[in-house]
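J.: I'd like to ask some things about the structure below.
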Amino acid sequence: MPTAETGRPVAEGLRERKKRAMRAQLSDTAARMFLEHGFDAVRVADVGEACGVSEKTVFNYFPSKEALLLDRLEAMADALRTHLPDPALTPVEAMLAILDRERDGLATALAADDDPDRALARYRRFGDLIRSTPSLRAHQSDTADRFVDIAAEALAGRSGLRPDDPEPQIAAATLLGLWRVQFRALRTHVRPGHPLPDAIDAVAREVRRAARLAEAGLATFPGPR
């Protein structure tokens, strides 16, 4: 049975804990090394060596070098599958719940640092690294396209339509557009020298402005049949 805090099984086995810990260690180590030396200057084998494992082991956890850095995007895929099928929420309400959780998680992680400006500067550098690296931008774009497919499948399930029908497709693209709005708003408002709570509130306001327009457009999206 999942815990309220983590959603993970209470009786998680030792093997699963070790795998999760190694995955986090590899991703965190890769992020640190990429930020320090540049994405192209660091090999996957270098990340493995820093963690005491082989290059093959790294690829057992991550399908590509880009996935090492952008691994946390996968939480969005899980959230889409969990929340979008919920008939108690409109599609936009479900997406806002997902984005609220993502934003709150980021705020909590940044606020936990003893030096807030240092944490914000690191967050900015992370974004700069993605934008300045073509393969990372391409991976992020491909991931966003995959999320649209995941969202369309979830929405089709609640509407009795096929995932490739026009209605789930345009609804999914609209909902992932809200994710892009949040991503850009975080880049605009979350920066050193600006109080983090004010920045997060500003991001939330921008997302909800966009959501009002999306809600109007999706008001006629088919309900369950």
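The values are calculated or read from the model by the stated rules, or taken from the named source; none is laboratory data. In this text, all values refer to a predicted model and were calculated from it rather than measured experimentally. Reconstructed Cβ throughout: ideal geometry from the backbone, glycine too, with neighbour counts over all protein chains shown.
J.: Could you please let me know if ARG125 is part of a helix (DSSP H, G or I), surrounded by fewer than 18 Cβ atoms within 10 Å (Cβ to Cβ) and of a type outside the set (Ser, Thr, Tyr)?
T.: On the way: part of a helix (DSSP H, G or I): yes; surrounded by fewer than 18 Cβ atoms within 10 Å (Cβ to Cβ): yes; of a type outside the set (Ser, Thr, Tyr): yes.
So ARG125 fits the description; yes.
Table: residues versus (1) surrounded by fewer than 13 Cβ atoms within 10 Å (Cβ to Cβ); (2) at pLDDT 95 or above.
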{"position": "ALA4", "(1), (2)": "yes, no"}
{"position": "LYS18", "(1), (2)": "yes, no"}
{"position": "ALA31", "(1), (2)": "no, no"}
{"position": "LEU35", "(1), (2)": "no, no"}
{"position": "VAL47", "(1), (2)": "no, yes"}
{"position": "ALA50", "(1), (2)": "no, yes"}
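J.: Going through the stretch 210-225 one residue at a time, which ones are surrounded by 12 or more Cβ atoms within 10 Å (Cβ to Cβ) and free of Cβ contacts under 8 Å to residues at least 24 places away in the same chain?
T.: In the first step, residues of the stretch 210-225 are kept if they are surrounded by 12 or more Cβ atoms within 10 Å (Cβ to Cβ); the result is 210-211, 213-215, 217-218, 221-222.
LEU213, the sole residue that qualifies.
J.: A further question on this structure: Given (1) farther than 19 Å from ASP149 by Cα; (2) basic (Lys, Arg); (3) in the same structural domain as ALA151 (by TED's automatic domain parsing), where does ARG43 come up short, assuming only one miss?
T.: For ARG43, the failing item is (3).
J.: Tally the residues that are over 15 Å from the mean Cα position of the chain (by Cα) and either among the hydrophobic types (A, V, I, L, M, F, W, C) or under 20 Å from ARG180 (Cα atoms) (or both), restricting the search to the stretch 95-120.
T.: Count: 5.
J.: Sticking with this structure for a sec: Please enumerate the residues belonging to the stretch 134-158 that are surrounded by 19 or more Cβ atoms within 10 Å (Cβ to Cβ) and over 21 Å from the mean Cα position of the chain (by Cα).
T.: If the condition is that a residue be surrounded by 19 or more Cβ atoms within 10 Å (Cβ to Cβ) and over 21 Å from the mean Cα position of the chain (by Cα), then ALA156, ARG158 are the ones that fit.
J.: For the stretch 128-144, state whether one or more residues are free of Cβ contacts under 8 Å to residues at least 60 places away in the same chain, touching a helix residue (DSSP H, G or I) at 6+ places or on another chain (Cβ under 7 Å) and farther than 28 Å from ASP28 by Cβ.
T.: No, every residue in the stretch 128-144 fails to be free of Cβ contacts under 8 Å to residues at least 60 places away in the same chain, touching a helix residue (DSSP H, G or I) at 6+ places or on another chain (Cβ under 7 Å) and farther than 28 Å from ASP28 by Cβ.
J.: Applying the selection to the stretch 52-76, what residues are over 26 Å from PHE147 (Cα atoms) and buried (at least 16 other Cβ atoms within 10 Å of the Cβ)?
T.: Quick first cut of the stretch 52-76, residues over 26 Å from PHE147 (Cα atoms) only: 52-57.
Result: VAL53, single match.
J.: Within the stretch 86-142, track down each residue that is of a type in the set (Asp, Glu), farther than 28 Å from PRO192 by Cβ and modelled with pLDDT under 95. Quick ask: steps written out before the conclusion?
T.: Within the stretch 86-142, the first condition is being of a type in the set (Asp, Glu), and the residues that meet it are 86, 93, 100, 102, 104, 113-115, 117, 128, 142.
Still in the list and also farther than 28 Å from PRO192 by Cβ: 86, 93, 142.
Of everything in the stretch 86-142, those that are of a type in the set (Asp, Glu), farther than 28 Å from PRO192 by Cβ and modelled with pLDDT under 95 turn out to be ASP86, ASP142.
J.: Of all residues in the stretch 93-126, how many are hydrophobic (A, V, I, L, M, F, W, C) and more than 17 Å from ASP201 (Cα to Cα)? Explain how you work it out, then say what you get.
T.: So in the stretch 93-126, the residues hydrophobic (A, V, I, L, M, F, W, C) come out as 94-99, 106-107, 109-112, 119-121, 126.
Keeping just the survivors that are more than 17 Å from ASP201 (Cα to Cα) gives 94-95, 112, 119, 121, 126.
Final tally of qualifying residues: 6.
J.: Oh, and also: Looking for whichever is closer than 15 Å to ASP100 by Cα, among the hydrophobic types (A, V, I, L, M, F, W, C) and assigned to a helix (DSSP H, G or I) here; the options are ALA171, ALA210. Which one fits? Talk me through it step by step, then tell me what you get.
T.: Details: ALA171 fails: closer than 15 Å to ASP100 by Cα.
Result of the check over ALA171, ALA210: ALA210.
J.: Okay, next question. For the stretch 93-103, state whether one or more residues are in contact with a strand residue (DSSP E or B) (Cβ under 9 Å, 6 or more places away or on another chain), at negative phi, surrounded by 12 or more Cβ atoms within 10 Å (Cβ to Cβ) and not hydroxyl-bearing (Ser, Thr, Tyr). Outline the logic, then answer.
T.: Narrowing the stretch 93-103 to residues in contact with a strand residue (DSSP E or B) (Cβ under 9 Å, 6 or more places away or on another chain): none.
No: zero hits.
J.: Restricted to the stretch 178-196, and to residues that are part of a helix (DSSP H, G or I) and in contact (Cβ under 8 Å) with a residue 24 or more places away in the chain, which residue is surrounded by the fewest Cβ atoms within 10 Å (Cβ to Cβ)?
T.: Narrowing the stretch 178-196 to residues part of a helix (DSSP H, G or I): 178-189, 196.
Next, only the ones that are in contact (Cβ under 8 Å) with a residue 24 or more places away in the chain stay: 178-182, 186-187, 196.
Working: LEU178: 21, TRP179: 20, ARG180: 11, VAL181: 19, GLN182: 23, LEU186: 22, ARG187: 15, LEU196: 18.
Going through the qualifying residues, I end up with ARG180.
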